[in-house]
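Note sheet for the following structure.
Please treat every number below as a calculation from the coordinates, not as lab data. Being a predicted model, the structure only gives us computed values, none of them experimental. Note that we place each Cβ from the backbone using ideal geometry, even for glycine, and neighbour counts take in every protein chain shown.
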Amino acid sequence: MNSVIDFIHANRGRYVEELTQLLAIPSISALPEHRDDVRRCAAWVADELARIGLEHVEVVETEGHPIVRADWLHAEGAPTALFYGHYDVQPADPLGEWTTPPFEPDIRDGEIFARGASDDKGQVFAHLKAIEAHLSQTGRLPINMKVVLEGEEEVGSEHLAPYVRGHAGELAASVVIISDTEMFDRGVPSICYGLRGLAYMQIELRGTKGDLHSGSYGGAVANPANVLAHVIAQLKDKSGTIRIPGFYDDVRELREEERAEFKRLPFDEIALRKHLGAPRLAGERGYSVLERTWARPTLDVNGLLAGWTGEGSKTIIPAAAMAKISMRLVPDQHPDRIAERFEAYVRKITPRTVDLKITKLHGGMPWMTDFDNVYVQAAARALEQGFGKRPVLTREGGSIPIVADFQAALDAPVVLFGFGLPDDNLHAPNEKFNLDNFFNGVLASAFLYREIAGTKS
Ligand code: BES
Ligand code: ZN
């Protein structure tokens, strides 16, 4: 193991150069004009998997973006881990708010700034470097390893989910490892045992064939922008409670012990408010910020489109209005049932003066796991070795839709072993990844494989 660790220390500079190449590829899964870039990124990743010594490297075509697979299965008698991550990234808008361009990685104060730096290319790359260190220094890995990297996580893993179900035998593993989450804070390594799910809806209202003169016709027809605002206003009440009938029916209430655990975490509300630049924090009455973001469902408008939004005034009644609305879900809510309840309620409260179209854009299951298994214990030891501190247990407000599918299809525990930071600006301008976390993440991953080798389940 010493030679593996020495190798990691000696190669820090090269790692950053290689990561820079990966981050320069604009693999934005949501935008059709970046389709070829996503493919180029899949090819880059596949070449890297082969170069570090993994076998059976394969770029699997899907109807969407490719899945990249590889394995190394020569640790006879040792457990098998499946490592999953994603090489796609979110769109980079608003571009004007980036200090340096999103696909020209820049290092400032020990952080590398680029879209995808933390979510998830940097975290995936940490594992690839740990695998490389083991294979190059010892000719083997302590465990059997299967790698699955997808290009559609940021758009809901639509094609990976059926792939996992259809290839459950081939993908069989004792444990699934994912590094696509955050640490609780700087210097506080974490293992995440819960993720929220997601139901993402689009509402389109149409009032007339085209925009109208607001003087000639104002008063004669409904204004879809006004109607949409009224519909949205009825989705939540003033205390933050969601008003969709049945929305909370399946919500698993927080246990008192869990609330107490959350309270023990070193969470600083004032620091968060300042970091976010919010005049006040807000949310559901009766719950702390951690409870609201980790363990309670939410409903949020993600975007609105209607009428004249250019300079100055233009006197129109817009023909149409559109809203994108996401609901983050907690166990045991089901995205399909929530989507149905949302649709039924919105149909009921929308007046007949406009045509209504509701589309479900995507859904993902919430996930929560027991953390008293040998793999979580192995991960805790590895984080302590890599970061010099024992990890805390956390939940997250974000979603990784495939986690629940892995757990169900492979019947294996999932360990979320993340190296991001809460101020990494995921999905926002100036996304970054802390290079010490990256480097400690390589060490922790290298230790993790060894720790898993020593587990007896
Ligand atoms: N890495 C994130 C999930 C995440 C976010 C974990 C914040 C911890 C904290 C992941 O790539 C992501 O953003 N997922 C999407 C999924 C969606 C598009 C289906 C999300 O949560 O919005
Ligand atoms: Zn991610």
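Just to confirm the filter: which trypsin sites (Lys or Arg not before Pro) across region 127-215 are DSSP coil and have at most 16 other Cβ within 10 angstrom of their Cβ? Show your work: numbers first, answer last.
Values: sites: Lys129, Arg140, Lys146, Arg165, Arg186, Arg196, Arg206, Lys209; in loops: Arg140, Arg186, Arg196, Lys209.
Here the sparse-neighbourhood loop sites are Arg140, Arg186, Lys209.
Between helix 335-349 and the chain there is an angle of about 10 degrees, using the helix long axis and the longest principal axis of the Cα atoms. Here the spin labels are modelled as points 7 Å beyond Cα on the Cα-Cβ line, and at Asp436 and Arg255 they lie 3.5 nm apart.
Roughly what % of DSSP beta bridges within the chain run antiparallel, to the nearest 5? Before the final figure, lay out each step's value.
Numbers: 50 of 71 bridges.
About 70 percent, rounded to the nearest 5.
Roughly how many debye, to the nearest 20, is the charge dipole of region 22-154 about its Cα centre, given +1 on each Lys and Arg Cβ, -1 on each Asp and Glu Cβ, and no other charges?
Numbers: 11 positive and 25 negative charges, 111 e Å.
That gives a dipole near 540 debye.
Please get the size of the charge dipole for region 311-457, origin at its Cα centre, with Cβ charges of +1 on Lys and Arg and -1 on Asp and Glu, quoted in debye to the nearest 20. Mind dumping the intermediate values first?
Details: 17 positive and 17 negative charges, 97 e Å.
About 460 debye.
May I ask which residue of Gly307, Leu276, His167 lies farthest towards the positive end of the charge dipole of the chain, with charges of +1 (Lys, Arg) and -1 (Asp, Glu) on Cβ and the Cα centre as origin? Going by the charge dipole, the pick is Gly307. Residues whose amide H falls under 5 Å from that of Glu111, counting only those 5 or more places apart or on a different chain, are Leu435, with hydrogens built in the peptide plane.
Once Lys and Arg get +1 and Asp and Glu get -1 on their Cβ, which of Leu198, Gly53, Val176 lies farthest toward the positive end of the dipole of the chain? The residue sitting farthest along the positive end of the dipole is Leu198.
Sorted by mean Cβ packing within 10 Å, highest first, what order do the peptides 439-452, 370-383 take? Let's see the in-between values first.
Values: 439-452: 25.3, 370-383: 19.0.
Those peptides, ordered most packed to least, come out 439-452, 370-383.
In this structure the amide hydrogen of His362, modeled in the peptide plane, comes within under 5 Å of the amide hydrogens of Tyr200, none closer than 5 places in sequence on its chain.
What do you get for GluC sites (Glu not before Pro) in region 246-325 restricted to DSSP loop and a cutoff of at most 16 other Cβ within 10 Å of the site's Cβ? Don't skip to the answer; put the middle values down first.
Numbers: sites: Glu253, Glu256, Glu257, Glu258, Glu261, Glu269, Glu284, Glu291, Glu311; in loops: Glu253, Glu284, Glu311.
Answer by residue number: Glu253, Glu284, Glu311.
Rounded if a/c is under 1.5, else prolate if a/b beats b/c, else oblate: with a ≥ b ≥ c from the C-alpha gyration tensor eigenvalues square-rooted, which is region 351-457? Oblate, because a/c is 1.5 or more while a/b does not exceed b/c. Residues whose amide H falls under 5 Å from that of His65, counting only those 5 or more places apart or on a different chain, are absent, with hydrogens built in the peptide plane.
Multiplying the sequence separation of Ile232 and Thr20 by 0.36 nm and subtracting their Cα-Cα distance, what value in nm do you get? Display every interim value, and only then the final one.
Details: separation 212, 0.36 × 212 = 76.32 nm, distance 4.23 nm.
Difference between extended and current length: 72.1 nm.
Among the chymotrypsin sites (Phe, Trp or Tyr not before Pro) within region 247-289, those in coil by DSSP and having at most 15 neighbouring Cβ atoms inside 10 Å are Tyr248, Phe267. Peptides 64-70, 357-363, 122-128 ranked from most to least packed, by the mean per-residue count of other Cβ atoms within 10 Å: 122-128, 64-70, 357-363. Using Cβ point charges alone (K and R +1, D and E -1), the dipole size of the chain about the Cα centre works out to roughly 1380 debye.
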